[in-house]
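Structure, as structure tokens:
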Ligand code: GLU
């Protein structure tokens, strides 16, 4: 089952419980626009390379569409559409005034020079500048893209439409970006983890955590967990995994990764096989890398009592069912990783008002939104006796459905 089928399955389950008609279900699931473009690049060595770029605009009932741009070799139309659909529910669950979109280019950024990456990004903007913008659809970083890429997007957009920094979020702080945007997804993950543990009467300072992925989201989640006294005993990245039963010194590991670009080789922990991380002896498991890693093949082996989905779509429906049966609590991606898009919203607000917020304000507003959203989802789950995922979908689909009807078909 691929990413798109996974999202549809979760949608169907919640929509069925809500008693939504088949016609309404079809309306809510059908994307508004799917764009696929060619990006031709003359490489530094004079060779020609051709890439395919996508922007999938799923739903705009609640406002301009919002979602990241993923530059990764596994990007394809179905994957991007799945992620765009998730953005629609995600923005609705945290109640920020957006719809959902996602984009990407099927490219291995590690194989591009900085100059090639810039040219690919600018060419992509040349192809799609008419369909995005501050009131239409606002891109942001995702896997394989960062603040520098967003700066190029803003600059290239400006060549067609004039100065308008609100056309993209996740920009560098020095160039109309928001304080706290970079850390936001990881911070939000930890805020909901703490809220969850509170409900379970489990102080965060007592827990042992495994984190799969040490990119932007995984590394910031590790830092905030470490600050709160949790023991991060296992981490991994694409190159390998580490284990330290006493808890890894995260600030030291962050310094190591800044220098060596991978967790492997860090001498404050032992090496362990990467596939063991997901089933290691921990209380909290945080998948913070790619999708589809928790499947029916490993779900029974998972020893954590809590799974917090920092990545998008890490759990396949079969695994989700097993977690439900085993009473493992899963905070779904559409809630757990919504901190990124929430601070993107703050960035957009600041850009439109030409008024800059301090980091303390960003953090305070983010924490409030994450905790309120978690509490709402928790209450629905308790009242309706459903999983946190189903509760989150009930909340998100309900809000999008009502906006659709109120706006008029
Ligand atoms: N790419 C992030 C996500 O999946 C952030 C999107 C945004 O900031 O618009 O939620």
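The values are calculated or read from the model by the stated rules, or taken from the named source; none is laboratory data. Just so we're clear, the structure is a prediction, and the values are computed from it rather than from any experiment. Glycine also receives a Cβ, built like all others from the backbone with ideal geometry; neighbour counts cover every protein chain displayed.
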*Test residue 180 against the stated conditions and say whether it is farther than 26 Å from residue 128 by Cα and either without any contact (Cβ under 8 Å) to a residue 24 or more places away in the chain or touching a helix residue (DSSP H, G or I) at 6+ places or on another chain (Cβ under 7 Å) (or both).*
yes
*Pick out the one residue from 369, 409, 328 that is touching a helix residue (DSSP H, G or I) at 6+ places or on another chain (Cβ under 9 Å) and at pLDDT below 95.*
409
*Hey, does the stretch 112-123 have a residue that's within 14 Å of the ligand (Cβ to nearest atom) and either surrounded by fewer than 24 Cβ atoms within 10 Å (Cβ to Cβ) or part of a strand (DSSP E or B) (or both)?*
no
_On the basis of being touching a strand residue (DSSP E or B) at 6+ places or on another chain (Cβ under 8 Å) and within 16 Å of the ligand (Cβ to nearest atom), does residue 188 make the cut?_
no
*State yes or no: is residue 207 at negative phi, more than 21 Å from the chain's Cα centre (by Cα) and crowded, with 22+ Cβ neighbours inside 10 Å?*
yes
*asked:* Just the residues that are surrounded by 24 or more Cβ atoms within 10 Å (Cβ to Cβ), more than 9 Å from the ligand (Cβ to nearest atom) and within 15 Å of residue 337 (Cα to Cα), please, taken from the stretch 78-99.
replied: 84, 85, 88, 89, 92, 93, 94
*asked:* Take the residues in the stretch 224-236 that are surrounded by fewer than 24 Cβ atoms within 10 Å (Cβ to Cβ) and in contact with a strand residue (DSSP E or B) (Cβ under 9 Å, 6 or more places away or on another chain); name whichever of them is farthest from residue 253 (Cα to Cα).
replied: 231
*Would it be correct to say that residue 140 is over 18 Å from residue 83 (Cβ atoms) and within 15 Å of the ligand (Cβ to nearest atom)?*
no
*Quick one: would you say residue 377 is within 13 Å of the ligand (Cβ to nearest atom), under 20 Å from the mean Cα position of the chain (by Cα), closer than 15 Å to residue 94 by Cβ and not in a loop (DSSP other than H, G, I, E, B)?*
no
*asked:* I'd like to verify a number: residues in the stretch 155-177 that are more than 14 Å from the ligand (Cβ to nearest atom) and part of a helix (DSSP H, G or I), how many?
replied: 11
_Candidate set: the stretch 100-111, residues that are assigned to a helix (DSSP H, G or I) and out of contact with any strand residue (DSSP E or B) (no Cβ under 8 Å at 6 or more places or on another chain); chosen: the one farthest from the ligand (Cβ to nearest atom)_ = 111
